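One structure below.
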Amino acid sequence: MNANVRITSQEGLPMFFPRRLAALALVLPLTAPFAAGGLATPGLTQEEGQDAIIVTVEGTPIRYSDVAMADEEMGAVLARLEPEQRFQYLLGMLIDRRVVAEAARAAKVEDHPEVQRRQAYFAEKALRDFYWTQLMQDKVTDAAIAAWYEANIAKAPAEKEFNARHILVQNKAEAEKIEAEIAGGLSFDDAMTQYGGSAGSLQDTDLGWFRRDEMVPAFGDAVSALKAGEISPPVQTDFGWHLFQLVDTRDLPKPSLEEAHEDIVRAIVREEGQKLMEKLRADAKIDVIGAESAPSGGRPQIVPQAQ
């Protein structure tokens with residue numbers, strides 16, 4: 001079959017999805033059918049939402065909405081591509097898919113049982129994806145976003161950032177020896193000079209500024225429990241044994257509503273989606289075959305269990 005491909009669009013590659021729908025596409029819960037939403041491509045030449053034809057393959061159109069749906073499917077895999085590269089890749093994928101699909105129709109395989117099973121599977125997925133997006137869009141209103149920001153960011157305590165330094169040794173006995181020397185009057189500066197990095201240097205003793213969640217739990221817990229100037233007891237991590245001194249703390253500036261917008265959308269969709277899914281499951285009649293013998297509380301075992 002000769003697939004005659006004719007480009008019919010203007011050179012500009014438009015953004016198709018509104019911002020809220022794009023953000024919703026990023027965070028649909030459970031099976032996460034949408035990987036990434038919207039295509040931020042340069043040279044906007046059409047009004048948002050116009051569904052113009054980009055390409056025809058054997059007279060059948062491929063539209064901007066088709067590329068948007070392909071982005072939902074493939075966006076996470078292509079996230080590192082530049083927007084225009086991403087757009088062109090998705091368009092090429094759709095053209096190739098259409099060419100092969102036309103060949104399959106010519107080969108009369110549409111009635112094959114495997115084709116029908118796949119059609120049924122993806123028809124159900126399409127229903128779920130479309131309806132779920134509608135449900136979540138109703139939850140993610142401007143008022144809901146503003147309320148979440150007020151409660152969880154504006155009125156919440158500011159996130160802390162810590163500035164600390166440490167002495168790292170390889171065993172507990174050496175850490176306790178240094179701790180005793182500091183208790184006996186050795187300054188932390190002198191202890192760092194004597195024991196930090198290679199003897200007589202301060203290599204790797206200054207940790208600079210960091211957030212608690214940027215460090216391993218034992219590390220973050222020890223530093224966040226200190227006041228400025230205080231020294232921790234010996235703390236073990238995978239790197240060895242540490243004595244920490246907290247130099248200072250500061251509040252991180254809070255993001256504006258605009259800066260936090262997409263993160264808030266994700267948070268609302270996660271919270272509301274979990275509640276809604278729990279209710280839908282509770283209202284549905286679900287019979288798991290062999291549930292009485294299943295070791296996971298009645299849920300099917302997808303991966304065979306180790307003997």
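The values are calculated or read from the model by the stated rules, or taken from the named source; none is laboratory data. Since this is a predicted model, take the numbers as computed values, not measurements. Note that each Cβ is placed from the backbone with ideal geometry, even for glycine, and that neighbours are counted across all protein chains shown. Note: accessible area is taken over every heavy atom of the protein model, side chains too, but ligands, DNA and RNA are not part of it. Shrake-Rupley method; radii C 1.70, N 1.55, O 1.52, S 1.80 Å.
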Can you spot the aspartates and glutamates whose alpha carbon is less than 16 Å from K279's alpha carbon? Ignore those fewer than 8 places along the same chain.
E271
Using a 7 Å offset from the Cα along the Cα-to-Cβ direction at both A147 and A107, what is the distance between the two label points in nm, to one decimal?
5.4
Aspartates and glutamates near K160 by alpha-carbon distance under 14 Å, same-chain residues fewer than 8 away left out - which ones?
D213, E214, D221, D248, D251
Considering only C-alpha atoms, what is the centroid distance from the range 236-285 to the range 64-79, in Å?
26
Using a 1.4 Å probe, how large is the accessible area of K125, given in Å² and rounded to the nearest 10?
70
Excluding ligands, DNA and RNA, what is the solvent-accessible area per residue of the range 147-261 at a probe of 1.4 Å, expressed in Å²?
58
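Ignoring ligands, DNA and RNA, what percent of the accessible area of the range 150-281 is carbon or sulfur (1.4 Å)? Write out the running numbers ahead of the final one.
Working: 3880 of 7660 Å².
Taking all protein chains in place, the range 150-281 shows 51 percent carbon and sulfur surface.
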Cα-based reach from K275 at 21 Å (exclusive), listing lysines while leaving out same-chain residues under 8 positions away:
K125, K139, K285
